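Accompanying notes for the structure given below.
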Amino acid sequence: MNNVLLSSLLILSSILLGNLFLYGIRRRKIPGVFAFSLLMLAMIIHSTGYALELLGSSLDYMYFWIKIEYLGAAFYPFLIMLFAREYADEKKFANKFLLTSMATINVVTLVLVYTNSYHWLYYSSVGVESVQELNILALNKGIWYFVQVTSIYFSVLYSIIIFSLKLKSAKGDYRKKVAFMLVGVSIPMATLLIY
């Protein structure tokens, strides 16, 4: 029952994210909005995949959905950085080289998740555990997992710094929008630190 409830909440989350995605796509010419829409799409893929993973009981079924999740989740660092870069119009630090490097790390992450059983670099072991009637994947972290997490920290920290600097020079309604973005990117950092 817990699996179904949690899966339902994740599907609901995906629907809400879908609305944000569509809202953004219609306004994609506004700086940063197209990158925001891509980030929402990545979150939809991740949330939907996780919802379906939780409904499984076999390792093969659940790991199949992990692979689907990572079609979105692997690219969070790149998309977060791209969004902050475009919205704040900061292209000196987050230049094409840095964005390409981040995207490369994220593509390698996706490949390693898909081929994990051959090298165990992303997850050092994979199994299924039952915790209070909830079947979950028991995933031990491999070396590359920490590379991916570091790239997430880096992109979120970059976003916090860029929005903080932009907040100092922003005026009027734009200042409120930048403050909102700063709060929005600070929440994932707090969540990552707690995790």
Counting only protein heavy atoms and using a 1.4 Å probe, what share of the accessible area of region 105-162 belongs to carbon plus sulfur, as a whole percent? 68 percent
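Hydropathy at least 1.0 by Kyte-Doolittle, axial extent at least 24 angstrom from the Cα trace: which helices of the chain, defined as entire DSSP H runs, fit?
2-26, 33-54, 96-114, 143-169
Near LEU79, within a Cβ-to-Cβ distance under 12 Å, what is the net charge of the other residues, with Lys and Arg +1 and Asp and Glu -1?
On the way: positive: ARG85; negative: GLU86.
Computed value for this residue: 0.
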Cα-based shape type of region 77-163, given that a ≥ b ≥ c are square roots of the gyration tensor eigenvalues and the cut on a/c is 1.5: prolate
Before anything else, pin down the relative contact order of region 8-88: Cα pairs under 8 Å, at least 6 apart, normalised by residue count, whole percent. 34 percent
Enter the Cα centre distance for the pair region 19-43 and region 93-141, rounded to the nearest angstrom. 25 Å
Accessible area of the chain divided out per residue, in Å², using a probe of 1.4 angstrom: 57 Å²
Would you work out the relative contact order for the chain, in percent, from Cα pairs under 8 angstrom that are 6 or more residues apart? 18 percent
Highest mean packing first, using Cβ neighbours within 10 angstrom, the peptides 68-75, 16-23 sort as 68-75, 16-23
Ignoring everything except DSSP H segments at least 4 long, calculate the 222 nm mean residue ellipticity for the chain; use -39,500 (n - 2.57) per segment, divide by total residues, nearest 500. -26000 deg cm²/dmol
For region 1-101, with all protein chains present and a 1.4 Å probe, just round the carbon and sulfur fraction of the accessible area to a whole percent. 72 percent
Using Cα positions and a limit of under 22 Å, work out the lysines in reach of LYS67, with same-chain residues fewer than 8 apart set aside. LYS141
Taking Lys and Arg as +1 and Asp and Glu as -1, residues besides PHE21 with C-beta under 12 Å from its C-beta add up to +3
With the Cα gyration tensor of region 47-118 giving a ≥ b ≥ c as the square roots of its eigenvalues, does the rule (a/c under 1.5 for rounded; else a/b larger than b/c for prolate; else oblate) give rounded, prolate or oblate? oblate
Of 172-180, 78-86, 120-128, 38-46, ordering from highest average Cβ density within 10 Å down gives 78-86, 38-46, 120-128, 172-180
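The values are calculated or read from the model by the stated rules, or taken from the named source; none is laboratory data. This one's a predicted model, so the numbers in the text were calculated from it and none came from an experiment. Cβ coordinates were reconstructed from backbone atoms using ideal geometry, including for glycine residues, and neighbour counts include every protein chain displayed. Surface accessibility is based on the protein's heavy atoms, side chains included, excluding ligands, DNA and RNA. Shrake-Rupley method; radii C 1.70, N 1.55, O 1.52, S 1.80 Å.
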